[in-house]
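The structure appears right after this line, and notes come after that.
Each reported figure results from applying straightforward, stated rules to the coordinates on display, with no laboratory input. No experiment lies behind these values; they were computed from the predicted model shown. Reconstructed Cβ throughout: ideal geometry from the backbone, glycine too, with neighbour counts over all protein chains shown.
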Amino acid sequence: MSYAETSPSYRLKDLVSSQTVRAKVAVRDWEEATEIAGSLLIQSGVALPEYIAAMKRVLKEMGPYAVIAPGIVLLHARPEDGVLKPGLAMVTLSTPVNFGHTENDPVDLVFALAATDKTSHLQGLQELAQLLSDGEVLKGLRSAQTDEELLKIVHST
């Protein structure tokens, strides 16, 4: 049996829960956006508090490559930086903030990924990419006023 056959695979609906989504949050800057998204991972038992500092460190060291598309950031750090189990936080911002990307700023959709290994979260990320490539879905995410609306959209995959 190969590793791929024994490794668990998490779908998007497995990674995102009612505890890890927040709609229309007001933040001052990218650091506060990172703290809010990271705190959802911590409160839901997905990561330890040091994971927030690790995500910030990754951005500072590697630059704003995590801003993966116009208005969208996918924050993350390494599994050993405090991940307890796989999870994904999603925060929509009431006012977009800059992460330092020349083309894709400002950001209003903040995702924070907690992965326990290199592969088990890939199915969920693929589903997220499909979701985010749909203009109508993006419009829905950006206009959602409640956590429940966000969760319904994300779980529609």
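For segment 43-100, the set of residues classified as under 11 Å from the mean Cα position of the chain (by Cα), touching a residue at least 60 places away in the same chain (Cβ under 8 Å) and either over 13 Å from Ala112 (Cβ atoms) or surrounded by 20 or more Cβ atoms within 10 Å (Cβ to Cβ) (or both) consists of Gly87, Leu88, Ala89, Met90, Val91, Thr92, listed by residue number. Considering only segment 14-30, I want to know if a residue exists there that is small (Gly, Ala, Ser), surrounded by 15 or more Cβ atoms within 10 Å (Cβ to Cβ) and farther than 22 Å from Thr119 by Cα. Yes: one or more hits. I'd like to check something: does segment 105-117 contain any residue that is free of Cβ contacts under 8 Å to residues at least 40 places away in the same chain and more than 21 Å from Leu41 (Cα to Cα)? Yes; the residues of segment 105-117 include at least one that is free of Cβ contacts under 8 Å to residues at least 40 places away in the same chain and more than 21 Å from Leu41 (Cα to Cα). Of the helices (runs of 4 or more DSSP H) lying entirely inside segment 1-73, those carrying at least 2 residues that are touching a helix residue (DSSP H, G or I) at 6+ places or on another chain (Cβ under 9 Å) and β-branched (Val, Ile, Thr) are 30-43, 50-62.
The residue of segment 139-157 that is nearest to Lys24 (Cα to Cα), among those that are crowded, with 16+ Cβ neighbours inside 10 Å and free of Cβ contacts under 8 Å to residues at least 24 places away in the same chain, is Gly140.
Scanning segment 118-138 for residues that are touching a residue at least 40 places away in the same chain (Cβ under 8 Å), part of a loop (DSSP other than H, G, I, E, B) and exposed (fewer than 15 other Cβ atoms within 10 Å of the Cβ) yields one hit, Thr119.
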